[in-house]
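Presented below is the structure to which this report refers.
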């Protein structure tokens, strides 16, 4: 086939896709001013941190355990200044660099953890919800019990156990700890949705036509259920960052030699506070707040648009045109 | 005419949209007399619910009304909302279609009544309130032993009766019933309708019965109005309208009802028009089997084919207002199956 | 009629609890033994002679087969014996009495703060949707949720403790108070009132303010969002429109119908977020050096005291289950529809 150097006209399939995309984003575009502002603010913040994470190597002035530049030692607990915009820590590390590298660490761990949680929780939920039976009952019992338990406690215990074992502390431990904490959530959400979809007439029809369970799940149930996942995953990512920071604060997260971790930095800063040194704790803390806020705004925005109960149409203003007087008969 | 209880004059109710407004009610004039039972029929989306709510001033956000609803010499459309609110209960009442969800699930029935009475007649004693509530409920067939129960302990039919009793406990002059029996089964429907039809005997209340079911209207109403696309097509005594329908739409509606004699299912082709950009002239012209050229150009005038009967149709004249050539049949494209709702 | 259905509900609900408790206890048990080696070695290994370790192992029963240990473990818990810590030999029951009381004190006031702040902002935000009040309340809720308990605690300590020097930043009470206040319930707030010791009460309160406000405000963040959504949903309910149709004043409709109905799930919300609260408790207690269960947990974790950790986790598990029953029960009490 000759190469197409001119743009092809949209095929019917392409047009359908475009229309579907338009329809899908319509709620966001039609949403009231407040919801939209919040959503886009969240996107901007999140993208900012993603950029920090991806380009850390180019943006951060120093490394995350760098305590000197050449022969020049950085000050210990130095005030924010021209060379160190956010000051230095008690280890002479540059606060700002640790924050930038920290973005990379946080996002890296959270993405891994959530991916694993999804990889485990979603299939389990699908299978359990679709097939039911003993497997379902047992899983539900276990997951519900775990679900009622605070994420932090689950994560701490897992991290504690793993760090005393051969895996040791670090990225993988933290990621696994977070994964275990969130698997029940995804399992639950997916399972509940599968159960409600399972009874839908179109799934029934597919079964009546003799489709195998695997096909039914793959073609009908999966896509329907997966739609619910993005808002949950985004809000979950926000929560996961908090969880990771909390682990770091308690000393069970990333060690300082492996990367910057905001929670850990705050824990070091607690003792600084008594001497009135604020920059070692304030900036990492603000970073946490900002990133989590950004993610939450995006997640809430998605939620508000997908959840029709909360959607608010905009009404237009209009005026009544004067009626041409026409009815003289029959008027009193 | 001037002794009518409620007079609607050229009422318009539009809903705001990001674009042009939806003209749900577009110029309705109607009289409701004391103790009269008027049926308001039409297809879904013709504006009858909006009209009912518009009379009481219970419009949703984004909707506005224009025109006059005259009651006791005052125009309800022009009054401040607080004043109209005070009239809901003692003067005007409204009962809804879905009785299952219309009662607060956390409040007992007695609390509902107490609240309503306290709101409008705060000087009544508790004993007096209780007496009146029980009396009205009794007339609706709800025994006093159930007075303190919660809504979920009642069936749909009983909840509707409770709603009616709640609406009537203050003896309003006019009750608007918006499809009160649509969600109830046939037997319960009969009971509720009997109650409603009897209002004028027991309470002296006028009733505006909004429904899409012609059978109900035939049974229970004195007069009836047929609405189409936000306007009244025809209005008159029930007997007259059923016997000699003056508007083609009414005729088609009557032909579509099913009885034991029905051999072939009859339906009106096409779908109700878009209320943002309604058709020019008579709104029924795209689907009317007898449409003429003028029907697409000028809006029909009110005509009186018989005493007490009103109709808006060029077939009834006045012929002097029809431009030359206007009486020729209207050429239209065939209505495709895809156009039907 | 309502009395008996409430009772039956409670009984059925209690029966459902048993499997949940069993599972949690089993999970805790398994987790503690998943790590290689045994808890005794982990805690004491390298510090004392192997002979001593064997002694302790035998005393604690770690040389018995797993199933026996499991059986004994469950039996002990049923009897109320949660064990003794390996590193500092404190019986868990003593830990519950002393540190548990401290956590109770903190949690109680924190929940109070959370409910007040959450309900007020949530109701206002839902009622005045899309107005500046709503925007402020929502942003407040989101930002506060985004704040980890330790960061807010740190800020509170910096501002109120160091710079303004108004409030103490650590501990449950000053050492003098703790030395001289007779112990009744171990909840210092209650003990001070019991004794009529107003000086001590003031001291205890001062120490309570920062941690309770920190934990409370953070938990409120979630409440605000949930209550707001519920108010919006309730305002759309059909009975609201029906009430308006009866001429009920807007104020009454909003307050007595919408708000009241919207707050019914508050009990569930508090219950569901109890887990969040517990997580926050651990962080807050660590930040403010508050001698509660969370603080002890971290201490035993740091010291690799598996028994201590296991004991505290068991307590947490039981508390979580107890709260969930309490929530269900309160719900059935408030909402007459749930009783079946």
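Please specify each residue of region A:269-283 satisfying the condition of being crowded, with 18+ Cβ neighbours inside 10 Å and either more than 8 Å from chain C (Cβ to nearest Cβ) or assigned to a loop (DSSP other than H, G, I, E, B) (or both).
If the condition is that a residue be crowded, with 18+ Cβ neighbours inside 10 Å and either more than 8 Å from chain C (Cβ to nearest Cβ) or assigned to a loop (DSSP other than H, G, I, E, B) (or both), then A:272, A:277, A:278, A:279, A:280, A:283 are the ones that fit.
Of all residues in region C:220-262, how many are within 22 Å of residue B:83 (Cβ to Cβ), more than 8 Å from chain B (Cβ to nearest Cβ) and over 31 Å from the mean Cα position of the chain (by Cα)?
Summing the residues that are within 22 Å of residue B:83 (Cβ to Cβ), more than 8 Å from chain B (Cβ to nearest Cβ) and over 31 Å from the mean Cα position of the chain (by Cα) in region C:220-262 gives 4.
Output the number of the condition that residue C:248 fails; it satisfies all remaining conditions of (1) part of a helix (DSSP H, G or I); (2) crowded, with 21+ Cβ neighbours inside 10 Å.
Residue C:248 satisfies every listed condition except (1).
Would you mind stating whether residue C:154 is part of a helix (DSSP H, G or I), within 24 Å of the chain's Cα centre (by Cα) and touching a residue at least 24 places away in the same chain (Cβ under 8 Å)?
On the way: part of a helix (DSSP H, G or I): yes; within 24 Å of the chain's Cα centre (by Cα): yes; touching a residue at least 24 places away in the same chain (Cβ under 8 Å): yes.
So residue C:154 passes the test.
Looking at (1) surrounded by 12 or more Cβ atoms within 10 Å (Cβ to Cβ); (2) under 22 Å from residue B:192 (Cα atoms), find the lone condition where residue B:145 falls short.
Against the list (1) surrounded by 12 or more Cβ atoms within 10 Å (Cβ to Cβ); (2) under 22 Å from residue B:192 (Cα atoms), residue B:145 comes up short only on (1).
Go through region A:67-100 and count every residue that is touching a strand residue (DSSP E or B) at 6+ places or on another chain (Cβ under 9 Å), closer than 22 Å to residue A:48 by Cα and outside any loop (DSSP other than H, G, I, E, B).
2
Considering every residue within region A:293-304, establish whether at least one is assigned to a loop (DSSP other than H, G, I, E, B), at pLDDT below 80 and away from chain B (no Cβ under 14 Å). Lay out the reasoning, then the answer.
Going residue by residue through region A:293-304, those that are assigned to a loop (DSSP other than H, G, I, E, B) are none.
No.
Sort through B:271, B:291 and tell me the only one that's under 30 Å from residue B:18 (Cα atoms), surrounded by 12 or more Cβ atoms within 10 Å (Cβ to Cβ), touching a helix residue (DSSP H, G or I) at 6+ places or on another chain (Cβ under 9 Å) and more than 14 Å from every other protein chain (Cβ to nearest Cβ).
On the way: B:291 fails: under 30 Å from residue B:18 (Cα atoms).
Going through B:271, B:291 in turn, just one is under 30 Å from residue B:18 (Cα atoms), surrounded by 12 or more Cβ atoms within 10 Å (Cβ to Cβ), touching a helix residue (DSSP H, G or I) at 6+ places or on another chain (Cβ under 9 Å) and more than 14 Å from every other protein chain (Cβ to nearest Cβ): B:271.
Scan region A:178-186 and tell me whether some residue there is more than 14 Å from chain C (Cβ to nearest Cβ), in contact (Cβ under 8 Å) with a residue 24 or more places away in the chain, part of a helix (DSSP H, G or I) and over 22 Å from residue C:301 (Cα atoms). Walk me through how you get there before you give the answer.
Residues of region A:178-186 more than 14 Å from chain C (Cβ to nearest Cβ): A:179, A:186.
Next cut, in contact (Cβ under 8 Å) with a residue 24 or more places away in the chain only: A:179, A:186.
Retained after the next criterion (residues that are part of a helix (DSSP H, G or I)): A:179, A:186.
Still in the list and also over 22 Å from residue C:301 (Cα atoms): A:186.
Looking through region A:178-186, at least one residue is more than 14 Å from chain C (Cβ to nearest Cβ), in contact (Cβ under 8 Å) with a residue 24 or more places away in the chain, part of a helix (DSSP H, G or I) and over 22 Å from residue C:301 (Cα atoms).
Condition check: at the interface with chain A (Cβ under 10 Å from one of its Cβ atoms) and more than 30 Å from residue A:161 (Cβ to Cβ). Does residue C:320 satisfy that? Break it down stepwise before answering.
Numbers: at the interface with chain A (Cβ under 10 Å from one of its Cβ atoms): yes; more than 30 Å from residue A:161 (Cβ to Cβ): no.
Answer is no for this residue.
Only one of these conditions is not met by residue C:264: (1) under 14 Å from residue C:122 (Cβ atoms); (2) buried (at least 20 other Cβ atoms within 10 Å of the Cβ). Which number is it?
(2)
If residue C:89 meets every condition in (1) away from chain A (no Cβ under 14 Å); (2) part of a helix (DSSP H, G or I); (3) farther than 14 Å from residue C:217 by Cα apart from one, which number is that one?
If we test residue C:89 against (1) away from chain A (no Cβ under 14 Å); (2) part of a helix (DSSP H, G or I); (3) farther than 14 Å from residue C:217 by Cα, just (2) comes out false.
Among the numbered criteria (1) assigned to a helix (DSSP H, G or I); (2) crowded, with 22+ Cβ neighbours inside 10 Å; (3) over 19 Å from the mean Cα position of the chain (by Cα), which single criterion is violated by residue A:252?
Here residue A:252 meets the rest and fails (1).
Of everything in region C:174-190, what is in a loop (DSSP other than H, G, I, E, B) and over 15 Å from residue C:104 (Cα atoms)? Give them in sequence order.
Residues of region C:174-190 in a loop (DSSP other than H, G, I, E, B): C:174, C:181-187.
Once the filter is applied, which keeps residues that are in a loop (DSSP other than H, G, I, E, B) and over 15 Å from residue C:104 (Cα atoms), region C:174-190 yields C:174, C:181, C:182, C:183.
So which residues in region B:122-140 are farther than 10 Å from residue B:169 by Cβ and within 14 Å of chain C (Cβ to nearest Cβ)?
B:122
Only one of these conditions is not met by residue C:268: (1) within 14 Å of chain A (Cβ to nearest Cβ); (2) over 21 Å from residue C:234 (Cα atoms). Which number is it?
Result: residue C:268 passes all but (2).
Report yes if residue C:142 is in a helix (DSSP H, G or I), within 11 Å of chain A (Cβ to nearest Cβ), farther than 19 Å from residue C:288 by Cα and at pLDDT 85 or above, otherwise no. Outline the logic, then answer.
Details: in a helix (DSSP H, G or I): yes; within 11 Å of chain A (Cβ to nearest Cβ): yes; farther than 19 Å from residue C:288 by Cα: yes; at pLDDT 85 or above: yes.
The answer is yes for residue C:142.
Taking residue C:134 and the conditions (1) touching a helix residue (DSSP H, G or I) at 6+ places or on another chain (Cβ under 6 Å); (2) more than 14 Å from chain A (Cβ to nearest Cβ); (3) at pLDDT 80 or above, which numbered condition does it fall short on, given that it satisfies the others?
(2)
Before we move on, is residue A:209 more than 30 Å from residue C:306 (Cα to Cα) and surrounded by fewer than 20 Cβ atoms within 10 Å (Cβ to Cβ)? Lay out the reasoning, then the answer.
Numbers: more than 30 Å from residue C:306 (Cα to Cα): yes; surrounded by fewer than 20 Cβ atoms within 10 Å (Cβ to Cβ): yes.
Answer is yes for this residue.
Would you check which residues across region C:157-172 are in contact with a helix residue (DSSP H, G or I) (Cβ under 9 Å, 6 or more places away or on another chain) and either at the interface with another protein chain (Cβ under 10 Å from one of its Cβ atoms) or at pLDDT below 85 (or both) and list them? Show your work before the answer.
Pass one, region C:157-172, residues in contact with a helix residue (DSSP H, G or I) (Cβ under 9 Å, 6 or more places away or on another chain): C:157-158, C:160-162, C:166-172.
Of everything in region C:157-172, those that are in contact with a helix residue (DSSP H, G or I) (Cβ under 9 Å, 6 or more places away or on another chain) and either at the interface with another protein chain (Cβ under 10 Å from one of its Cβ atoms) or at pLDDT below 85 (or both) turn out to be C:157, C:158, C:161, C:162, C:166, C:167, C:168, C:169, C:170, C:171, C:172.
The values are calculated or read from the model by the stated rules, or taken from the named source; none is laboratory data. Owing to the predicted nature of the structure, the values given are computational and were not obtained by experimental measurement. Virtual Cβ from ideal backbone geometry, glycine too; neighbours counted across all protein chains shown.
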